[in-house]
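Notes for the one structure printed next.
Nothing in this text is a laboratory measurement; each read-out follows from the coordinates by a stated rule. Just so it is clear, the structure is predicted and the values come from calculations on it, not from any experiment. Note: ideal-geometry Cβ built from the backbone for every residue, glycine included; neighbour counts use all protein chains shown.
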Amino acid sequence: MSEPVKTSHPIETDMVVIGAGPCGLFTVFEAGLLGLECHLIDNLDKIGGQCAELYPEKPIYDIPGLPFCTGQELTDRLMEQAKPFKPAFHLNQQAEALSRLDDGRWRLSTSAGTVFQAPVVVIAAGAGSFVPRRIPLAGAEDYEGTSLFYAVRRMEDFRHRNVVVAGGGDSALDWVLNLQPLAASMTLVHRRDEFRAAPDSVGRMRALVSEEAMKLVIGQIAGLHGEGDALSGLTLKTTDGEIEQPCDRLLAFYGLKMELGPIAEWGLNLERNLISVETEAFETNQPGLFAIGDICTYPGKLKLILSGFHEAALMCQKAFTICRPETKLVFRYTTSSTELHKKLGVA
Amino acid sequence: MAGKTAKVIAVDREGQEHEIEGTIGWSVMEVVREAGLPIEAACGGCCACATCHVYVDEAFLAKLDEPDPDENMMLDEAFEVQDNSRLSCQIKLSEELDGIRVTLAPEF
């Protein structure tokens, strides 16, 4: 997560899109053809949503006209398609509070303090925002933010501490290497002696272990001990039984999970964590607030990327009437319209 | 028309056993999810998360192929992983697995 940035002036735009996955990106294109500007918010540090975070290397075979691509390739292609419309991205932040302004527009603020004012807000948030998976042990939340962390905000918090890092990916290994020189002691806990992190990082970690500059424990965290919000030790379950590990700073990397987050409090009609919409424009129960892609539901809904594209196109038609109430919309094709060619930069 | 079926015994997080007739060829995750049990399966079965984590009864463990590197990598992100931990989206129901007993791992 980035440091909160306070913007003094709200960003004024046509559409704020929550979620920079495939549906959010295609919204930029459809809105752009109609002359509408989009700002996108995403809690991830990258563009592409689940396609980029969950399955960047995995194949997708059901995008019309694109017989095969990976999650990352689809993201790259959508970015290329949206490029003429210069989308603005606000990453590493979660949409937090939504309220209606006196003039009927929306005011939306994020966890990083960015504020938007726009007539249209589009929720294209997939299965929710990606947040760190927390340790499901009793008392874990008491330590969170003081001695248990899921990300590093300030390296100084770890100086002269008995640090334990849990995980086997790049985040875990990178922080082991970065914090080891500062820490009083460094221990890496991972469930098996194989790591998905970059081989170079793994090699450097193993070198530190052989120099006895740090410890590697193959096992899993089975218990947390401490007083109040101060962690003092862990019980680790290893193949040789349980061991006690002194620890006053625990940094855990168990990947990310998706949760609805603050959107759940926005007064929307929810059905099993999905947002009910009508199927003419995929508008929610609140005018000017739309939901498209995996997060919306209606009779017959299919959670396919192609359905999200269709929803984006129809939604933008309605969004136009809200953003430009005085202007008559004329329907044109990209094949033949010189006006659209100009917008696309191909005229 | 329903295909051939095999039995799956799924133990939920309250310890309640559910006997499910599953379609052969479906993954155990799909069978359990279709029966309405609370299995998240966030990625939809493409081995890109660990939210269909189950413990497989020892008797059936030997009948399964070893987890491939992808599955093992995703299990790294699960909690309370045991020797009999598997991702149920990677277990395809077959006649040989008739009666397979799986316990849903804790949610987190």
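Relative contact order for segment A:252-325: what is it in percent, counting Cα pairs under 8 Å that are at least 6 residues apart?
Numbers: 80 pairs, mean separation 17.4, N = 74.
In percent, rounded to a whole number, it is 23.
Once the convex hull of the C-alpha atoms of segment A:136-254 is built, how many Å³ does it hold per residue, rounded to a whole number? Don't jump to the answer; show the numbers that get you there.
Numbers: hull volume 11.2 nm³, N = 119.
Dividing the Cα hull volume of segment A:136-254 by its residue count gives 94 Å³.
Quote the FRET efficiency, to the nearest 0.05, computed for B:Asp98 versus A:Lys83 with a Förster distance R0 of 56 Å and r equal to the Cβ-Cβ distance. Each step should come with its number before you reach the end.
Values: r = 54 Å, r/R0 = 0.96.
After rounding, the FRET efficiency stands at 0.55.
Within the listed set B:Glu40, B:Glu14, B:Glu96, the residue fluctuating most in the Gaussian network model of chain B (springs between alpha-carbon atoms under 10 angstrom) is B:Glu14. Across segment B:47-56, coupling constants 3J(HN,Hα) worked out from phi with the 6.51/-1.76/1.60 Karplus curve, θ = phi - 60°, read 6, 10, 8, 10, 8, 10, 4, 9, 9, 9 Hz, and Gly and Pro carry x.
With distances taken between every two different alpha-carbon atoms, segment B:5-104 has a Kirkwood hydrodynamic radius of 13.2 Å. For B:Leu64, nonlocal amide neighbours, meaning residues 5 or more places apart or on other chains whose placed amide H falls under 5 Å from its own, do not occur. Taking 0.36 nm per residue of separation and subtracting the current Cα-Cα distance, fully stretching the chain between A:Leu304 and A:Asp157 would add 48.6 nm.
Comparing A:Glu227, A:Glu30, A:Glu311 in a Gaussian network model of chain A (Cα springs below 10 Å), the most mobile by mean-square fluctuation is A:Glu227. If you plug the beta carbon distance of B:Glu107 and A:Glu280 into 1/(1 + (r/R0)^6) with R0 = 51 Å, you get a FRET efficiency near 0.85. The lysine pair tally for chain A, using Cα distances under 18 Å and a gap of 8 or more places or different chains, is 12.
What do the square roots of 5 times the Cα gyration tensor eigenvalues come to for segment A:226-329, in whole Å, largest first, as semi-axes of the equivalent ellipsoid?
Details: eigenvalues 456, 54, 31 Å².
Working through the eigenvalues yields semi-axes of 48, 16, 12 Å.
For chain A, the dipole from Cβ point charges (+1 on Lys and Arg, -1 on Asp and Glu) about the Cα centre works out to 660 debye, to the nearest 20. Using only Cα atoms and rounding to the nearest 10 degrees, what angle (0 to 90) does helix A:170-179 make with the longest principal axis of chain A? Here the helix axis deviates by roughly 50 degrees. Using a simple spin-label model with pseudo-atoms 7 Å out from Cα toward Cβ, A:Thr70 and A:Asp102 lie 5.4 nm apart.
Taking a temperature of 25 °C and a viscosity of 0.890 mPa s, what whole-number D in µm²/s does Stokes-Einstein yield for segment A:1-103 with Rh from Kirkwood over alpha carbon pairs? Kindly include the intermediate steps, with their values, before the conclusion.
Values: Rh = 14.8 Å.
Answer from the Stokes-Einstein relation: 166 µm²/s.
Counting only Cβ charges, +1 for Lys and Arg and -1 for Asp and Glu, the dipole size of segment A:1-149 around its Cα centre is about 80 debye. Here the residues A:Phe130, A:Phe68, ranked from fewest to most Cβ neighbours within 10 Å of their Cβ, fall in the order A:Phe68, A:Phe130.
With springs only between Cα atoms under 10 Å apart, run a GNM on chain A and tell me which of A:Gly203, A:Gly48, A:Gly71 wobbles the most. It is A:Gly203.
Listing A:Leu306, A:Leu250, A:Leu182 from fewest to most neighbouring C-beta atoms within 10 Å gives A:Leu306, A:Leu182, A:Leu250.
I need the per residue convex hull volume for segment A:49-167, using only the alpha carbons, in cubic angstrom as a whole number.
Values: hull volume 23.3 nm³, N = 119.
Hull volume normalised by residue count: 196 Å³.
Roughly speaking, what % of Cα-Cα pairs in the protein assembly as shown are separated by over 38 Å, rounded to a whole number?
On the way: 33942 of 103285 pairs.
I get 33 percent for the Cα pairs in the protein assembly as shown exceeding 38 Å.
Calculated FRET efficiency, A:Glu212 to A:Ser336, Cβ-Cβ distance, R0 = 45 Å: about 0.05 to the nearest 0.05.
Test of understanding: ordering A:Met258, A:Met15 by Cβ neighbours within 10 Å, fewest first, what list do you get? Intermediate results must be reported in sequence, preceding the final value.
On the way: A:Met258 24, A:Met15 27.
If I rank by nearby Cβ atoms, fewest first, I get A:Met258, A:Met15.
The relative contact order of chain A comes to 19 percent, based on Cα pairs under 8 Å that sit 6 or more residues apart.
Suppose a student asked you for the relative contact order of chain B, using Cα pairs under 8 Å spaced at least 6 residues apart; what percent would you report?
Working: 205 pairs, mean separation 41.9, N = 108.
Worked out over chain B, it gives 39 percent.
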